[in-house]
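Novice: Here's a structure for you.
The values are calculated or read from the model by the stated rules, or taken from the named source; none is laboratory data. Quick caveat, the model's predicted, so the values are computed rather than measured. Backbone-built Cβ (ideal geometry, glycine too); neighbour counts: all protein chains shown.
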Amino acid sequence: MKVEGIEPDIQIQALLAKHYTSAGLNEKAEIVLKEIEGENLKENRWQCATLIRLYTNMGKADEVERIWKVCESKAGIDDCLAAVEAWGKLKKIDEAESIFERASKKWKLNSKNYSVLLMVYANNNMLKKGKDLVKRMADSGTKIGPLTWIALVKLYIQAGEVEKADSILLKAIHRYNVQPMFSTYMAVLWQYAKRGDVHNSEKIFHAMRT
């Protein structure tokens, strides 16, 4: 694009880096990330969340930590949530929790914000911590939104409690009129299919169609 005199914006660069990473072309991805970062990241702090997410996709914990240290003192909520998600994916749960607590003291968090940490717990099979976080949401008066239900379903599936995941999914649909993502249905359906449970597989399949 540059050869043709077109300067790609941050969204295009981020998308390009993501595709390079998915294709295993990490060297090309890093070149793009350095272009996004520019010569002085402190003057481009608004790039931090994007860089944190992209370096996480590459498994570059050192780079995630470097970027976070640049923006930490003046981090916005998106920076904090990007870091929570990043450290969760990189299996550094203590760091994820610490940053989340910092954010919760600075801002009034909504269910979407809570869902970031809840998904960290789901992806790391930490059922008790996930349940405690949901209780904390309820105690604070935070309304449970669609992303929270999705994370809850995954949390119980990862813990091997497919019936509980099924119950939560149907409760979200019928009581709270939540429309789950297709992948959420499939996660429960796949667990029943692996068991050879035809009845419950059909039940989930019919729920998907309604």
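Novice: Before we move on, is ALA14 assigned by TED's automatic domain parsing to the domain that holds ASP79, surrounded by 21 or more Cβ atoms within 10 Å (Cβ to Cβ) and in a helix (DSSP H, G or I)? Write out each step before concluding.
Specialist: Details: assigned by TED's automatic domain parsing to the domain that holds ASP79: yes; surrounded by 21 or more Cβ atoms within 10 Å (Cβ to Cβ): no; in a helix (DSSP H, G or I): yes.
No, not satisfied.
Novice: Does MET181 satisfy being at pLDDT 90 or above, out of contact with any His (no Cβ under 7 Å at 6 or more places or on another chain) and not assigned by TED's automatic domain parsing to the domain that holds GLU85? I'd like the intermediate steps shown before the answer.
Specialist: Values: at pLDDT 90 or above: no; out of contact with any His (no Cβ under 7 Å at 6 or more places or on another chain): yes; not assigned by TED's automatic domain parsing to the domain that holds GLU85: yes.
Here the answer is no, as MET181 does not meet what is asked.
Novice: Quick one: in the range 187-210, of everything that is within 22 Å of ASN125 (Cα to Cα) and modelled with pLDDT of 90 or more, which residue is nearest to the chain's Cα centre (by Cα)? Step through it out loud before you land on a result.
Specialist: The first filter runs over the range 187-210 and keeps only residues within 22 Å of ASN125 (Cα to Cα), leaving 187-195.
Keeping just the survivors that are modelled with pLDDT of 90 or more gives 188-195.
On the way: VAL188: 19, LEU189: 22, TRP190: 21, GLN191: 22, TYR192: 25, ALA193: 26, LYS194: 26, ARG195: 28 Å.
The residue in question is VAL188.
Novice: Still on this structure, I have one more. Please find, within the range 116-150, the residue that is farthest from the chain's Cα centre (by Cα) out of those that are among the hydroxyl-bearing types (Ser, Thr, Tyr) and modelled with pLDDT under 95. Step through it out loud before you land on a result.
Specialist: Here is the first cut: in the range 116-150, the ones among the hydroxyl-bearing types (Ser, Thr, Tyr) are 121, 140, 142, 148.
Imposing the further condition that a residue be modelled with pLDDT under 95 reduces the set to 140, 142, 148.
On the way: SER140: 22, THR142: 19, THR148: 11 Å.
Checked the range 116-150; the qualifying residue farthest from the chain's Cα centre (by Cα) is SER140.
Novice: Could you tell me whether SER98 is out of contact with any helix residue (DSSP H, G or I) (no Cβ under 8 Å at 6 or more places or on another chain) and within 21 Å of MET208 (Cα to Cα)?
Specialist: Values: out of contact with any helix residue (DSSP H, G or I) (no Cβ under 8 Å at 6 or more places or on another chain): yes; within 21 Å of MET208 (Cα to Cα): no.
Here the answer is no, as SER98 does not meet what is asked.
Novice: So SER73 clears everything in (1) of a type in the set (Ser, Thr, Tyr); (2) within 22 Å of the chain's Cα centre (by Cα); (3) farther than 16 Å from LEU90 by Cα except one condition, right? Which one?
Specialist: That leaves (2) as the condition not met.
Novice: Taking interchain pairs and intrachain pairs at least six residues apart, which have beta carbon atoms under 6 angstrom, with the first residue in the range 35-63 and under 15 Å from GLU85 (Cα atoms) and the second surrounded by fewer than 21 Cβ atoms within 10 Å (Cβ to Cβ) and of a type in the set (Lys, Arg)?
Specialist: Pairs that qualify, where the first residue is under 15 Å from GLU85 (Cα atoms) and the partner is surrounded by fewer than 21 Cβ atoms within 10 Å (Cβ to Cβ) and of a type in the set (Lys, Arg), are THR56/LYS89.
Novice: Let me ask you something else. Kindly state which helices (runs of 4 or more DSSP H) lie completely within the range 136-210 and contain at least 2 residues that are among the polar types (S, T, N, Q). Full working, then the answer.
Specialist: Values: elements: 146-158, 162-174, 182-195, 198-209.
The helices (runs of 4 or more DSSP H) meeting that bar are 146-158, 182-195, 198-209.
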